[in-house]
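Here's the structure, in C-alpha cells; my notes come after.
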Amino acid sequence: ENAKIMVMAIQRHPKLITLELENNMLTTHITESILRAMPDTIERLSLAGNESLSTPYLSKYMIRSAVQLVQLNLSACGLRDTGLRVIAQALFSQVTIRKLDISRNGITSESGELLAGLVELDRIRDLRLDWNELGQRGMLHICNAMKTSQHLHSLDLSWNGIGTNTLDLNRGKSDGVR
C-alpha cells in the first residue's frame, strides 16, 4: 500500500530531478514499481543501502533514451560482480553521468576490466569504489585505464585490499602497470 502511494506521488511530479531512497529496505517489487514510475527528468538517483535492488529493471530504466542521469549512488546495494555486469551496458549508455558510487558492493578483481572501461569513459568525473574487494589485480586494471584517461577528478579505492608496496603512485611506476 505504501509503495503504491509513493509510486503515485512520483508519477505526479514529472519534473522531479533528484530522488534519494537510501536505506529503505526496498524490496525487488517496490524497486521495480518505483523505477517504472520515475520520470525521465531524474538527474540524481540514490538507491544506496537497498540490498534487494533489481538490477535488470535499473538497467532498463537507465537505457531509456530520455533518461539523463548525472549522479547515481548504488553504494551498499549488494551488486557484486554479477549485478555490476547487469547494469554495465546501461552505465556505458549514460552519456551524462558524472558521478558514480558503487562502493560497498563486494565487487572483486573479476570486474577489473569492466571497471577500467568505466574509468576510460570521458564523462565520469567522480568514481567511488571504496570498500569492495578489488585487490591488486583490479587496481592494476584501473591504473592502466588511467594512463589513457585524464578526466577523473576523484577516485576512491579505499579499503580494497590492494596491499602495500604494490604501486609507486608518486612516480607512476609499477611492476604490473604498463
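Suppose we keep only residues that are acidic (Asp, Glu) and open to solvent by 40 Å² or more (accessible area, probe 1.4 Å) within segment 117-133. Which one would you say is farthest from residue 156 (Cα to Cα)? Going through the qualifying residues, I end up with 122. The lone criterion from (1) in contact with a helix residue (DSSP H, G or I) (Cβ under 9 Å, 6 or more places away or on another chain); (2) outside any helix (DSSP H, G or I) left unmet by residue 75 is number (1).
Criterion applied to 35, 114, 100, 53 was being open to solvent by less than 70 Å² (accessible area, probe 1.4 Å) and part of a strand (DSSP E or B), and the one residue passing it is 100. Of the residues 22, 32, the single one that is of a type in the set (Asp, Glu), modelled with pLDDT of 95 or more and touching a Ser or Thr at 6+ places or on another chain (Cβ under 8 Å) is 22. As for segment 134-146, it holds no residue that is in a loop (DSSP other than H, G, I, E, B) and among the basic types (Lys, Arg).
Tell me yes or no: at least one residue of segment 156-173 is open to solvent by less than 50 Å² (accessible area, probe 1.4 Å), modelled with pLDDT under 95 and within 16 Å of residue 70 (Cα to Cα).
No - not one qualifying residue is present in segment 156-173.
Filtering segment 82-94 for residues that are modelled with pLDDT of 95 or more, touching a strand residue (DSSP E or B) at 6+ places or on another chain (Cβ under 8 Å), open to solvent by 10 Å² or more (accessible area, probe 1.4 Å) and in a helix (DSSP H, G or I) leaves an empty set. In segment 56-70, the count of residues that are under 20 Å from residue 149 (Cβ atoms) and open to solvent by 10 Å² or more (accessible area, probe 1.4 Å) is one or more.
The values are calculated or read from the model by the stated rules, or taken from the named source; none is laboratory data. Remember, it's a predicted structure, so these values are computed and weren't measured experimentally. Virtual Cβ from ideal backbone geometry, glycine too; neighbours counted across all protein chains shown. Surface areas here come from the heavy atoms of the whole protein model, side chains and all, with no ligands, DNA or RNA. Shrake-Rupley method; radii C 1.70, N 1.55, O 1.52, S 1.80 Å.
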